[in-house]
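The values are calculated or read from the model by the stated rules, or taken from the named source; none is laboratory data. Note that the structure is predicted; figures quoted are calculated from it, not measured. Glycine also receives a Cβ, built like all others from the backbone with ideal geometry; neighbour counts cover every protein chain displayed. Accessible surface is based on the protein model in full, side chains and every heavy atom, while ligands, DNA and RNA are left aside. Shrake-Rupley method; radii C 1.70, N 1.55, O 1.52, S 1.80 Å.
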Amino acid sequence: MGTDRHAFVVVANRLPVDRIDGAWETSPGGLVSAVAPVVREQAGAWVGWANTHDDSLEPFDFDGMSLVPVSLSHDEHQQYYEGFCNATLWPLHHDLIVAPQYHRSWWRAYREVNARFAQAAVEAAETGATVWVHDYHLQLVPAMIRAQRPDIRIGYFCHIPFPPVEQVAQLPWRDEILRGLLGADVIGLQREADAAKARQAMQKLLGMDPEELRGRVGSYPISIDVDEIRAAAESPAVQEMARCFRRDLGDPATLMIGVDRLDYSKGILHRLWAFEELIDDGLLDAQGTCLAQIAVPSREGVRAYQDLRDEVEHAVGRINGRFSTLGGDVIHYSHHSHSTEEAVALYLAADILLVTSLRDGMNLVAKEFVTARRGRGGALVLSEFAGAAEELDQAIIVNPHDRAGLKAAIHHAATLSEDEARKRMDAMADTVAAFDVRHWAQTFLHDLRDPASAAALSPSDW
């Protein structure tokens, strides 16, 4: 069966669905919640891997979208995804928290898989279509599409931070990656600082004209579906779930939460260490304070993530061994995924959200938290290294590498007056509502489709 052609095509590493008990269900995650509504509204197609090594999947319809599966063998997935994407590119883009690994076999797999995604997009796009490519997994795809289809408007959006030129320069295949991105008409990043780094890398490493880059490479801070989070927060079922969560956690005087993928960029250990010292110092009461840490499984085939899980679980066990009583643990740790409704219930149950990222593209959990808690008070401790810190300036902003400063921030959050907490929370919620996910998508796609936008370079210009 051939692929129908569409005027709007999204290309991402994963399809927005998972197969559960033989049926397709919407996947969790920020990219899906941000992009799927746009695809549905435009009756578009989504090209991506179906999280299975079954090569027989044909295009199919789901929830108003045409889904186009790209097949990956087990070996290809290991080398392309676990290898090049998450052991080479991810650490390169996250301040070298762990050392990137450079293997030519991984690069070959990355290039071959990108070509497969590009071909699927070419076949799914009608004449004059708009194609929107997402994230670091597919940085070669824009130029690969451009080589075959000069009629298409191509956008690329990077959901993670962009590294400084000195770090980009380490990558043996840096020129191919940057030229791959330059196949796009518009290249979007989360923060202006990230856009500036991308322009600088293209200018210094490829000799690009800085004026042209300024018109093509810009910042488009991603956001959330505010209506969805508000509806969940007002749901009686979710509110009852929140009451149950708090009761099951011992109904503490102060409930702090962390909700993260289990990733070394999220600073989970830094918050655990600060929490331990605050109890040790007597600034937090072990009997009246609880930290609920949700660590969503992530990239479990990558050694660095296996090591991190061991470290986090050891730290949780050690801290609970020191401070827990027969009445309950001071830290409740969960290593599994949660639905949107469960996440919002946790936001409603909590008093404080701790976001201590060492480097983060945006951090949509922070935006979900303030949206759910509008009119309810509470406090957000937010790393200055998360993109959300540029918008949510009423949060308690912190450098998570500064242990003393992190402890002071958490203590400040725990002692905010109710009036001050509500004013801060409502101001942040209003900011998110004014610049929600629809605003993000509309702004990017307007710039992409605007005929005045700079045209993509042809291969001869590289």
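Considering only segment 222-237, state which residues are crowded, with 21+ Cβ neighbours inside 10 Å and part of a helix (DSSP H, G or I).
Of everything in segment 222-237, those that are crowded, with 21+ Cβ neighbours inside 10 Å and part of a helix (DSSP H, G or I) turn out to be 226, 229, 232, 233.
Can you confirm whether segment 193-210 contains a residue that is out of contact with any Leu (no Cβ under 9 Å at 6 or more places or on another chain), at pLDDT below 95 and in a helix (DSSP H, G or I)?
For segment 193-210, residues out of contact with any Leu (no Cβ under 9 Å at 6 or more places or on another chain), at pLDDT below 95 and in a helix (DSSP H, G or I): present.
Quick one: how many residues across segment 70-126 are polar (S, T, N, Q), more than 30 Å from residue 363 (Cβ to Cβ) and crowded, with 21+ Cβ neighbours inside 10 Å?
The number of residues fulfilling the criteria is 0.
What tally of residues in segment 110-164 results from selecting those that are within 15 Å of residue 189 (Cβ to Cβ) and part of a loop (DSSP other than H, G, I, E, B)?
Number satisfying all stated conditions: 9.
For segment 282-389, which strands (runs of 3 or more DSSP E) that fit wholly inside it have 3 or more residues that are touching a residue at least 12 places away in the same chain (Cβ under 8 Å), surrounded by 22 or more Cβ atoms within 10 Å (Cβ to Cβ) and not assigned by the TED database to the domain that holds residue 191?
The qualifying strands (runs of 3 or more DSSP E) are 289-296, 352-355, 379-383.
Show the residue pairs meeting these rules: Cβ distance below 7 Å; 6+ apart or different chains; first residue within segment 393-408 and under 18 Å from residue 424 (Cβ atoms); second residue of a type outside the set (A, V, I, L, M) and assigned to a strand (DSSP E or B).
Short answer, once both residue conditions are applied: 398/383.
Mind checking which residues of segment 111-161 are closer than 19 Å to residue 68 by Cα, in contact with a helix residue (DSSP H, G or I) (Cβ under 7 Å, 6 or more places away or on another chain) and either of a type in the set (Phe, Trp, Tyr) or not assigned by the TED database to the domain that holds residue 201 (or both)?
Within segment 111-161, 117, 156 qualify.
Return yes when residue 217 is buried (at least 16 other Cβ atoms within 10 Å of the Cβ), in the same structural domain as residue 28 (by the TED database) and among the β-branched types (Val, Ile, Thr) and no when it is not.
Yes: the conditions hold for residue 217.
Looking at (1) over 30 Å from residue 432 (Cα atoms); (2) in contact with a strand residue (DSSP E or B) (Cβ under 8 Å, 6 or more places away or on another chain), which is the one condition that is false for residue 194?
The failed condition is (1).
Spot the failing condition for residue 28; the list is (1) free of Cβ contacts under 8 Å to residues at least 40 places away in the same chain; (2) open to solvent by 30 Å² or more (accessible area, probe 1.4 Å), and only one is missed.
(1)
Just a yes or no: is a residue in segment 5-25 in contact with a Lys or Arg (Cβ under 9 Å, 6 or more places away or on another chain) and not assigned by the TED database to the domain that holds residue 338?
Scanning segment 5-25 turns up at least one residue that is in contact with a Lys or Arg (Cβ under 9 Å, 6 or more places away or on another chain) and not assigned by the TED database to the domain that holds residue 338.
Pick out the one residue from 139, 148, 167 that is open to solvent by 20 Å² or more (accessible area, probe 1.4 Å), touching a residue at least 40 places away in the same chain (Cβ under 8 Å) and among the polar types (S, T, N, Q).
Unique residue meeting the criteria: 167.
Sort out which residues of segment 228-251 are touching an Asp or Glu at 6+ places or on another chain (Cβ under 9 Å) and either free of Cβ contacts under 8 Å to residues at least 40 places away in the same chain or hydroxyl-bearing (Ser, Thr, Tyr) (or both), and write them in order of number.
Across segment 228-251, the qualifying residue is only 235.
Do we find that residue 56 is on the phi < 0 side of the Ramachandran plot, modelled with pLDDT under 95 and in contact with an Asp or Glu (Cβ under 8 Å, 6 or more places away or on another chain) in this structure?
So residue 56 fails the test.
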